[in-house]
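For reference, the structure is listed below as structure tokens.
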There are 2 protein chains.
Amino acid sequence: TELELAPKDAKFERSKLEDLLKRRFFYDQSFAIYGGVAGLYDYGPMGCALKSNMIQLWRKHFILEENMLEVECSALTPENVLKASGHVDRFIDWMVKDVKTGECFRADHFIKNHAEALLKNAKTSADVKNELNDILARLDGYSNKEMDDVIRKFNLKSPITGNDVTEAVSFNLMFPTQIGPTGDFRAYLRPETAQGIFINFKRLLEFNQGKLPFAAAQIGAGFRNEISPRQGLIRVREFTMCEIEHFVDPQDKAHQKFSKVADLELTLFSACNQMDGKGTVRMRIGDAVAQGIVDNETLGYYMARCHLYMILVGVDPNRLRFRQHMSNEMAHYAKDCWDAEVLTSYGWIECVGNADRACYDLDQHYKMTNVKLVAEKTLSQPKIVQVTEAVPNKALIGKLFKSDGKQIMARLQELNKEEVEVLEKALKEKGTFDMAINDKIFELKPELLEIKRYEKTVHVDEIVPSVIEPSYGIGRILYAVLEHSFRQREGDEQRTFLELKPNVAPIKCSILPISVDEKLAQIVDAVREELVSHELSLKVDDSSGSIGRRYARTDEIGIPFGITVDFESVKNIDVTLRYAATMQQVRMKVTDVGKTVEALVKGTITWDEVTEKFPIFQAKSEAN
Amino acid sequence: TELELAPKDAKFERSKLEDLLKRRFFYDQSFAIYGGVAGLYDYGPMGCALKSNMIQLWRKHFILEENMLEVECSALTPENVLKASGHVDRFIDWMVKDVKTGECFRADHFIKNHAEALLKNAKTSADVKNELNDILARLDGYSNKEMDDVIRKFNLKSPITGNDVTEAVSFNLMFPTQIGPTGDFRAYLRPETAQGIFINFKRLLEFNQGKLPFAAAQIGAGFRNEISPRQGLIRVREFTMCEIEHFVDPQDKAHQKFSKVADLELTLFSACNQMDGKGTVRMRIGDAVAQGIVDNETLGYYMARCHLYMILVGVDPNRLRFRQHMSNEMAHYAKDCWDAEVLTSYGWIECVGNADRACYDLDQHYKMTNVKLVAEKTLSQPKIVQVTEAVPNKALIGKLFKSDGKQIMARLQELNKEEVEVLEKALKEKGTFDMAINDKIFELKPELLEIKRYEKTVHVDEIVPSVIEPSYGIGRILYAVLEHSFRQREGDEQRTFLELKPNVAPIKCSILPISVDEKLAQIVDAVREELVSHELSLKVDDSSGSIGRRYARTDEIGIPFGITVDFESVKNIDVTLRYAATMQQVRMKVTDVGKTVEALVKGTITWDEVTEKFPIFQAKSEAN
């Protein structure tokens, strides 16, 4: 139903867009001369510039605007870090294998493809169709056992060989490697950039002079070893993420700047509406937070900023929605999660996750390392607390445990009240307590420590911050922008082009002399210098094709503005400026060109305003 | 001797710089709370901004200035690609292992450390010292066998356990992984970004409309599994590279813009001078190319541009030299290679390689894939060539080899004259020819093809371009910049700071109100808006420390300019602007601040000019 509500774009033919992107090398399959690798893409000059412009705008919109702490962490990640984060155990997909050839299929895709084929098959009975539709609706939440049952029940075979397939086996989606020469230091390529930020929490908090809230951000590569990647840039094995971790007091998730965005209307698809089979609603984000539909101001603030970013770079606002995770798809620790989804020819695609991850990650790394990842919160009034602590007998512990002593003493001092009481009880009842530190067990006797109880006035609380995490998949957004920017000229549908927003366009302006001539070349040089002095990227096309044909080529790669240098230019030192989206042209002095195009790119002036300021130029038809 | 010639900086204490960089989180060891991993570093907010500014300047200086084609390719790389490039077989270090514990040491470092200890030992005889010095001088060129001999001769043991070590075994420095779920698609993390460009040569040439020369560039991560990384950012396992591959006609390596740099003087350390035990010479790059010291204009052009970039970002020109590779350290295919080396407290460090790699890489990938990686060169006059070709009998081949037929026919058409003659001879003499395509053998009979000989007039030659490759290690340059920028205030040597060039400084300007006051806060806001409107990064420090102490903190992180807001500011709407390097201050209107700081950052005005334009402000001493 969501697909039906979305604006129709009946003319969109994906193959035409793909042809353009390949031909003009926006991006293409990696290692193509070696046969290519599924899920890996190389960006050519146009794609690379588009992507880098999108990232630069992201940095301005988020990091600079909000004074975030940007970091750049290692992609190589030791196994125990990802054990703590849960990725080693749970970052898996289920797959089935052809029992004879060993070919692998992602189990849910395997079922989905079969089910869709059966649904299209006229011989399939109405009852079976109902059952299949029910399976498709619930497939995302299926366990491996449930998927096995479906495969057996419908006797699903390999689509390639017709052979049986195995039961679903789990496959970890991280790329494994080892660090160093011994081969026993297991590591992975990070599946997300977030963990690097969590691990640096103490350094970042200190950098922020101990104050909450603050946000850190990272732009970098993530890696996921997808079982069988498809759908172009949508599902890839190596990708650029832009992630923010906003650390906040769990008791106070208000956002200082929320009022600035409260009036913004977003398209929300809440978990309730999904369960009730209802559609999306448009709603002020202020109301959504006030009504508890979105959990808190900070999360709401980032959703609003997300909406603004997506539109800034060229996502069609009518094909953008925020879908709330259902409770069964949300991680157990998460408090709330809203994906920014964009409608493309592949359906609604998750491009951004906006999640309140509570204190899960910091807690997990604390558990694994025994390093406290907490912030201090000044209390409104001091409070008196009962302290129960285990004070080590340093001399005795040092003597008995030698170099391990330091670790044992550190651990003793970190025990909280409950842990001290467990220790005390054990020492009293059994006369001994086994303390585990990093896989080693140390046997503690009563004489090694003293249990002390006293009252203390404290002025600060230690709190584990909650984390609000907006996580952007730049490649997916880039693909959505390309689809939403793809146009065909009316009346000449072979002539396709990209109406990219000037701020993200790889090249801002073309310069086309009407013919090869020394006098024109001088004007071309003057225009080029004008543009360069305003730091505008440009492309001179002085090839011999007709102006119309040359504009068709620059339109294809999304160059928004074009300058024609003709013989009039030599007389008046003026040129025409053309806007690709409308093909309208105006006439202006060469000295006006730099500042006008710069203002158009920055969005401080609209094309309509330009047409009011400068005389319209009636060009001959651009048809070849 | 080179170290002696370099300017002395006796006061430099590396530990003080390291303390600053750690304390203010420029960068620090990755995964520290998990015990850390050698050779992996995380960049904090200051390091990240410094690095990103350096990269942005690199992009401007090279990619934009020269209209290079920027690409972004996959880091995950299939094994056969790196087999072709030679990395699978030859990208190795030799290591020795403790025979009992298995601990690994890089063999050359193992020998070097032992030799240096022996040289310092008073008991070592003069003869042995001579021998050790000779070994150290030649160690870089030693084979594993020669290193084994040294280890046995001097009976070198593990420095940790005193145990014997094994013979040197090779260790490949690439991180291995697998792509996809089957486990049999072997891959590595790329050890350099260059291969991605070579593999895309055809697409890039086409993008450039078939014309030579052109340059492509890539900024991205490289990975090397060092055996035992040391020396901070100098030797790391994950790093950012900026690489250029300039494709040029092997017969014509002139560079169109060479005359623009020909007068630039570089410090050259030629292979001859190294062999003759002579020092460096300062020389116009124009002369160096004319005299054949540097092989060609294109290589010379990039060396000059390299020199300019290094100085632009803050490398001390007196601690920068270009060292030519000796013939024994240069790859066999390379024509010439000059490393830009920078003198640091670790000695002369290679930061950039400028190499003429001839046509090696394109040739290798052609051999592996059978895809021709060539450009067409228009001949000055048409020439007549004798063609010998094998024309397949398509019908028969299709019938006989079915789906393999297409491949066989393609291969036949690709054969060059010599290959056709080998084929012809075999068919004549043995009546059969075994053609190998991708591990498969196809038996060809005479009736499957016809050998044709004829004359043809050709207007273009196919040529395999030569590649000039400048390759920048950004982390190393960044570290060198930090060392060269490190200062201690005269008379107060505890007060250390970074005199970073304004163009790379992470934060351009600080704003310090002299005390907490609502009226001052309004001026602070006005100054902030001024700076933001000029896109200048800033930091407001309204904490309660003395101005001197606060400036000491901003000086530490290399903020070049500081603005003090005092009670006079409220009256006159003016502020003082301070230059950290000299601690001089001038007084100016708030409305002048933005454009002045922007001009200082862009380098369009010097500080001296600012002091002439605005009145000097006599501040009280900054001593606390």
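The values are calculated or read from the model by the stated rules, or taken from the named source; none is laboratory data. Keep in mind that this is a model prediction, so the values were computed, not measured. Positions of Cβ are backbone-derived with ideal geometry, glycine not excepted, and every protein chain shown enters the neighbour counts. Accessible surface areas use protein heavy atoms only, side chains included; no ligands, DNA or RNA. Shrake-Rupley method; radii C 1.70, N 1.55, O 1.52, S 1.80 Å.
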Can you pull the three principal axis extents for the Cα set of chain A, in Å, largest first? 101, 65, 56
With a ≥ b ≥ c from the Cα gyration tensor eigenvalues, square-rooted, and the rule rounded for a/c under 1.5, otherwise prolate when a/b > b/c and oblate otherwise, segment A:200-264 is oblate
Rounded if a/c is under 1.5, else prolate if a/b is larger than b/c, else oblate: which is segment A:18-102, with a ≥ b ≥ c the root eigenvalues of its Cα gyration tensor? oblate
In whole Å, largest first, what are the principal axis extents of the Cα atoms in segment B:231-309? 39, 34, 23
Can you tell me the alpha carbon radius of gyration of segment A:514-609 divided by the globular rule-of-thumb value 2.2 N^0.38 Å? 1.01
List the relative contact order of chain B as a percent without decimals, with contacts defined as Cα pairs under 8 Å and 6+ residues apart. 12 percent
Sequence-distant residues sharing a close amide H with A:L69 (under 5 Å, placed H): A:A215, A:A216, A:A217
Let me test this: with uniform point scatterers at the alpha carbons of segment A:299-359, what is the Debye-based log₁₀ I(q)/I(0) at q = 0.15, 0.23 1/Å? -0.46, -0.93
Rounded to the nearest 0.05, what FRET efficiency do A:N572 and B:E376 have when you use their Cβ-Cβ distance and R0 = 56 Å? 0.85
Kindly report the accessible area of segment A:235-345 per residue (heavy atoms of protein chains, probe 1.4 Å, no ligands, DNA or RNA), in Å². 40 Å²
A/B buried area, accessible surface, summed, 1.4 Å probe, Å²: 6000 Å²
A:W94 accessible area, nearest 10 Å², 1.4 Å probe? 80 Å²
The Cα radius of gyration of segment B:1-159, divided by 2.2 N^0.38 Å with N its residue count, comes to 1.46
So what's the angle, to the nearest 10 degrees on a 0 to 90 scale, between helix A:360-369 and the longest Cα principal axis of chain A? 50 degrees
Whole-number percent relative contact order across segment A:362-478, with pairs defined as alpha carbons under 8 Å at least 6 apart: 41 percent
Quantify how strongly other chains surround peptide B:39-50 by giving the mean number of their Cβ atoms within 10 Å of each of its Cβ atoms. 6
Rg/Rh (Cα only; Kirkwood hydrodynamic radius) as it applies to segment A:396-474: 1.15
Need the C-alpha centroid separation for segment B:337-379 versus segment B:119-170, integer Å. 33 Å
Surface accessible to a 1.4 Å probe, per residue, for the residues of segment B:533-580, Å²: 38 Å²
Can you list residues from other chains, or at least 5 along the same chain, whose modelled amide H is less than 5 Å from the amide H of B:V460? B:L379
Treating each Cα of segment A:470-512 as an identical point scatterer and ignoring solvent, apply the Debye formula and state log10 I(q)/I(0) at q = 0.20, 0.22 Å⁻¹. -0.77, -0.86
Under the classification rounded if a/c is under 1.5, otherwise prolate if a/b is larger than b/c and oblate if not, where does segment A:555-624 fall, given a ≥ b ≥ c as square roots of the Cα gyration tensor eigenvalues? oblate
Net charge of Cβ neighbours under 11 Å - reference B:K539; Lys, Arg +1; Asp, Glu -1: +2
Rounded to the nearest whole Å², what accessible area per residue is found for segment B:1-158 with the 1.4 Å probe? 48 Å²
With Cα atoms, 0 to 90° folded angle of helix A:45-58 axis to chain A main axis: 60 degrees
If you project the alpha carbons of segment A:382-537 onto their three principal axes, what span does each projection cover, largest first, in Å? 98, 39, 36
For chain A, what does the helix formula give at 222 nm: sum of -39500 (n - 2.57) over DSSP H segments with n ≥ 4, over the residue count, nearest 500 deg cm²/dmol? -10500 deg cm²/dmol
At 7 Å out from Cα toward Cβ: B:D149 inter-copy label distances (nm, ascending): 7.4
In nm, what does the list of distances from B:K452 to its counterparts in the other copies look like, shortest first, when each label sits 7 Å along Cα to Cβ? 9.9
Residue closest to axis [chain A; rotation mapping onto B; Cβ; Å]: A:T177, 2
Could you tell me what fraction of 2.2 N^0.38 Å the Cα radius of gyration of segment A:454-543 comes to, as a two-decimal ratio? 2.15
Could you pull out every one of the lysines with an alpha carbon less than 18 Å from that of A:K595, ignoring same-chain neighbours closer than 8 positions? A:K501, A:K508, A:K539, A:K613, B:K595
How are the Cα pair distances of segment A:153-255 distributed, in percent, across 5 Å bins from 0? 2, 9, 12, 13, 14, 12, 12, 10, 6, 4, 3, 2, 0
Summed side-chain charge close to A:S85 - residues other than A:S85 whose Cβ falls under 12 Å, Lys, Arg +1, Asp, Glu -1: 0
Heads up, I need the accessible area for A:T378: 1.4 angstrom probe, whole protein in place, Å², nearest 10. 110 Å²
Which whole number gives the average, over all residues in A:339-349, of C-beta atoms from other chains lying within 10 Å of the residue C-beta? 0
Run the accessible area of the protein assembly as shown with a 1.4 Å probe and give the carbon-and-sulfur part as a rounded percent. 49 percent
Rounded tilt (10° steps) of B:297-313 against the dominant C-alpha axis of chain B: 30 degrees
List of segment B:516-547 residues, accessible area with partners at least 40 Å² below that of the chain alone (1.4 Å probe): B:E535
In peptide A:190-201, how many Cβ atoms from other protein chains are near each Cβ within 10 Å, on average? 2
The ratio Rg/Rh over the Cα atoms of the protein assembly as shown, Rh being the Kirkwood inverse mean 1/r radius, stands at 0.97
